[in-house]
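Here is the structure we will look at, set down as structure tokens.
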Amino acid sequence: MDRLIHISLSAMKSAMSRQAVTANNLANASTTGFRADIASVRPVWLRGTGLPDRAFASEEVTAADMQGGAVTATGRPLDIALNGGTLLSVQAEDGDEAYTRRGDLIVSDSGLLTTGDGHPVVGDGGPITIPPADRVTINDDGSVWIVPVGGDPNAPQQIDRLKLTSATGSKIVKHLDGLFRVQDGGALPADPAGRLTSHALEGSNVNPTTALVAMIEASRAWDTQVKMLTTAREMDTDTTNLMKLPS
């Protein structure tokens, strides 16, 4: 009976984790460049004075789905959609270099080029600052061009280049802030072959229908384990009654 209860509790914990991951994915179904979290189960052995003879199932986020999302033309000069496996380098809140697929770029009041969620975009010389300009454009190789205020529209000037990278040959992990980082620390080198599509945005790769089905399955799994716990309690009560001696 004790084993049955522990098995049910382990399964309930996994169902809760799976539902939390699914809910997070579903909440970001419309977030630009979002990559869905992938959860997997691993055994956690209970260790004591004897041999480990029991393990809980621990379901955790271990990776992200790197399949591309739908690309939509927006016509906005600072919107970019990264092609293939290209990643955009940004500065995380802790100052480290991180990577994202989010391409809804904006220019802050101070002139700093950031993603839509406020992370500074990194260029060849660090975070990119846009001087006052009549026009800002980004080419498919990541080069940033401006027409200075009052300047000749036919003579744009290049001020920097977005640091486009690729995770090929390196292990990257997704952190709680939604940004990717090199697993063992450090930074990815710039990829000269990295390309982007300007005036367009890549959407989330979350399939809302699939996510809803996964959430229903997790909810049903939880209900099943609750019923199993109820059954275990009833069996334990019946067994106790059988062991009682008549008065």
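The values are calculated or read from the model by the stated rules, or taken from the named source; none is laboratory data. Just so it is clear, the structure is predicted and the values come from calculations on it, not from any experiment. Ideal geometry is used to build each Cβ from the backbone, glycine not excepted, and the neighbour counts take in all protein chains shown. In case anyone asks, the SASA skips ligands and DNA or RNA and just uses the protein heavy atoms, side chains included. Shrake-Rupley method; radii C 1.70, N 1.55, O 1.52, S 1.80 Å.
Rolling a 1.4 Å probe over the protein heavy atoms of the chain, with every protein chain left in place, gives an accessible area that is 55 percent carbon and sulfur.
Taking Cα centre as origin and charging only the Cβ of basic (Lys, Arg, +1) and acidic (Asp, Glu, -1) residues, the dipole magnitude of the chain rounds to 880 debye.
In a fully extended conformation the segment linking R195 and Q67 would gain 44.4 nm over its present Cα-Cα distance, using 0.36 nm per residue.
With semi-axes defined as the square roots of five times the eigenvalues of the C-alpha gyration tensor, the equivalent ellipsoid of the chain measures 53, 18, 13 Å, largest first.
How much net charge surrounds P148 when only other residues with a Cβ under 14 Å from its Cβ are counted (Lys, Arg +1; Asp, Glu -1)? Summing Lys and Arg as +1 and Asp and Glu as -1 gives -1.
With Cα atoms defining each centre, the stretch 107-144 and the stretch 208-244 are spaced 54 Å apart in the structure. Label separation (V213 vs T239): 3.9 nm, computed from points 7 Å beyond Cα along the C-beta direction.
Counting only lysines at least 8 places from K13 when in the same chain, those with an alpha carbon closer than 29 Å to its own are K171, K174, K227.
Given a 1.4 Å probe, how much area per residue of the chain is accessible, in Å²?
57
Relative to the longest principal axis of the Cα atoms of the chain, the long axis of helix 208-243 lies at roughly 20 degrees.
For every helix of n ≥ 4 consecutive DSSP H residues, a contribution of -39,500 (n - 2.57) applies; sum these over the chain, divide by its total residues, and give [θ] at 222 nm rounded to the nearest 500 deg cm²/dmol.
Estimated from H runs of four or more residues: -9000 deg cm²/dmol.
Charge tally for N241 (other residues, Cβ to Cβ under 14 Å; Lys, Arg +1; Asp, Glu -1): -1. Seen against the Cα atoms of the chain and their longest principal axis, helix 2-27 is set at about 20 degrees. Between K171 and T230, the simple spin-label model (points 7 angstrom out along Cα→Cβ) gives 4.4 nm.
At a Förster distance of 45 Å, what's the computed FRET efficiency of A92 paired with L4, Cβ-Cβ distance as r, to 0.05?
The pair A92/L4 has a calculated efficiency of 0.50.
From Cα pairs below 8 angstrom and at least 6 apart in sequence, can you work out the relative contact order of the stretch 60-110, rounded to a whole percent? This gives 30 percent for the stretch 60-110.
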